[in-house]
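Participant: Quick one: this structure, given as structure tokens, is what I'll be asking you about.
The values are calculated or read from the model by the stated rules, or taken from the named source; none is laboratory data. Only a predicted model underlies this, so the values are computations on that prediction, with no experimental measurement involved. Ideal geometry is used to build each Cβ from the backbone, glycine not excepted, and the neighbour counts take in all protein chains shown.
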Amino acid sequence: MDKIKILMVMGNTGLGGTQAFVLNLLKNIDLDRFQIDIAVNNEKEDGIGDIFRQYGCNIYILPYFKVYNYFSFVKAWRSFLKQHYYSIIHAHSTNSASIYLKIAKEYGCVTVAHSHSDGYRGNCYQKEIKKIFAKGVRKYADYWFACSDKAAERLFGDEYKSYPRYFEIPNAINAKKYLYDENKAKEIRAKLGVMEDEFLCGHAGTFSQPKNHAFLIEVFNEVLKRNNRAKLLCCGAGALMPQIKAKAKELGILNRIIFPGVVMNINEYMMAMDVFIFPSLFEGFGIAVLEAEACGLPVVMSDVIPSVVDMTDLVHRRSLSDSASLWAKTIVGVSSNDRASYNETIANSKYNMNTSAQMISSLYMKMIK
């Protein structure tokens with residue numbers, strides 16, 4: 001039987017939440033049944049393009065939509081779909097999806113719009129433009145996916161509640177990978193030069209506006225006032241990293257912060273952390289929180305993150321209107337004694353990737369019947 005060909009559309013190949021979701025899906029779906037390819041605006045040098053290729057994915061570069069390039073954008077997508085046949089176009093990059101999904105339908109593709117976020121990035125003007133174009137997604141997507149109610153409402157409005165082909169797709173992980181291992185924790189700490197008695201705060205995320213790194217640095221500065229043996233581990237890469245490093249240098253704390261870049265074994269890095277700090281301005285789900293919980297790692301996070309991630313008593317919420325000092329007070333007060341015991345809760349939930357992959361596979365099969 002010929003494979004079902006699916007094109008995943010996303011922004012780039014950097015390791016963000018969407019890319020991690022697709023990678024986890026590739027690791028758990030039956031690739032003898034499905035051929036999954038990737039369309040992006042650009043391929044990051046420090047990204048995971050080569051890992052996608054290891055799972056048989058072809059990667060195609062298509063233009064980034066900037067409003068003024070509407071006609072060249074449409075031309076590029078028409079040319080691409082004329083040359084490449086896909087049964088399903090799965091749109092993770094939804095700001096311009098109303099345009100390319102319309103074209104995909106003209107070429108006989110089943111279309112899926114998948115919301116991973118409950119907010120829009122950019123300045124006020126950019127956000128309004130994205131909202132306008134996003135509204136068209138409802139018309140041209142046959143299936144509506146979202147990782148949470150908030151993410152669904154952002155892209156589909158209240159209509160998702162009654163739409164017959166709406167499905168909540170949990171942002172799932174391979175829970176077993178996150179089972180706490182003390183030896184791995186010690187190895188990572190040694191590699192990073194973190195002493196046993198040092199308090200290692202951690203964060204993982206793309207250096208972009210929604211992740212709120214500027215406030216994270218302010219919070220860590222307050223943590224150091226309470227515990228001068230603290231260090232901060234910031235995993236990830238992105239355009240705002242130089243700006244964040246400059247802020248840390250200005251505060252005189254750059255030497256207490258570790259920037260390892262994109263790491264493929266984030267599970268082991270989380271094992272090395274003592275607390276995970278997640279002050280996001282908005283999140284569709286907050287998969288990093290789920291990863292931390294599976295690792296038995298205490299989390300201090302903003303209260304805007306959907307409550308569906310509150311799977312254990314490891315989660316501590318703070319308002320973004322609270323001062324950095326109040327955040328720090330919570331951070332230095334958290335701990336977890338039996339970290340391995342938390343993994344089972346996540347492993348037995350719908351947020352385990354094997355369960356999620358089976359659900360998506362079944363939906364794909366349903367779409368082409």
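Participant: Return the pair list, or none, for Cβ contacts closer than 8 Å from residues in region 321-342 that are assigned by TED's automatic domain parsing to the domain that holds D303 and at pLDDT below 95 to residues that are crowded, with 17+ Cβ neighbours inside 10 Å and part of a helix (DSSP H, G or I), at least 6 apart or on different chains.
Facilitator: S336/Y342
Participant: Now for a different question. Collect the residues in region 281-300 that are surrounded by fewer than 23 Cβ atoms within 10 Å (Cβ to Cβ) and either in contact with a strand residue (DSSP E or B) (Cβ under 8 Å, 6 or more places away or on another chain) or assigned to a helix (DSSP H, G or I) (or both), keeping them in residue-number order.
Facilitator: L281
Participant: Still on this model: Within 27 Å of C124 (Cβ to Cβ), at pLDDT below 95 and not aromatic (F, W, Y), is that true of G238?
Facilitator: On the way: within 27 Å of C124 (Cβ to Cβ): yes; at pLDDT below 95: yes; not aromatic (F, W, Y): yes.
Judged against the criteria, G238 is a match.
Participant: Hey, can you tell me all the residues within region 351-369 that are touching an Asp or Glu at 6+ places or on another chain (Cβ under 9 Å) and either at pLDDT 95 or above or assigned by TED's automatic domain parsing to the domain that holds M273 (or both)?
Facilitator: Once the filter is applied, which keeps residues that are touching an Asp or Glu at 6+ places or on another chain (Cβ under 9 Å) and either at pLDDT 95 or above or assigned by TED's automatic domain parsing to the domain that holds M273 (or both), region 351-369 yields S361, M367.
Participant: On the given criteria, is E250 out of contact with any Phe, Trp or Tyr (no Cβ under 7 Å at 6 or more places or on another chain) and either over 15 Å from H203 (Cβ atoms) or not assigned by TED's automatic domain parsing to the domain that holds A328 (or both)? I'd like the intermediate steps shown before the answer.
Facilitator: Numbers: out of contact with any Phe, Trp or Tyr (no Cβ under 7 Å at 6 or more places or on another chain): yes; either over 15 Å from H203 (Cβ atoms) or not assigned by TED's automatic domain parsing to the domain that holds A328 (or both): yes.
So E250 fits the description; yes.
Participant: Further question: Looking at V74, is it modelled with pLDDT of 95 or more, among the hydrophobic types (A, V, I, L, M, F, W, C), surrounded by 15 or more Cβ atoms within 10 Å (Cβ to Cβ) and out of contact with any helix residue (DSSP H, G or I) (no Cβ under 7 Å at 6 or more places or on another chain)?
Facilitator: no
Participant: I need the full set of residues from region 231-273 which are touching a strand residue (DSSP E or B) at 6+ places or on another chain (Cβ under 8 Å) and touching a residue at least 60 places away in the same chain (Cβ under 8 Å), in order please.
Facilitator: If the condition is that a residue be touching a strand residue (DSSP E or B) at 6+ places or on another chain (Cβ under 8 Å) and touching a residue at least 60 places away in the same chain (Cβ under 8 Å), then G236, A237, I258, P260, G261, V262, I266, Y269, M270, A272, M273 are the ones that fit.
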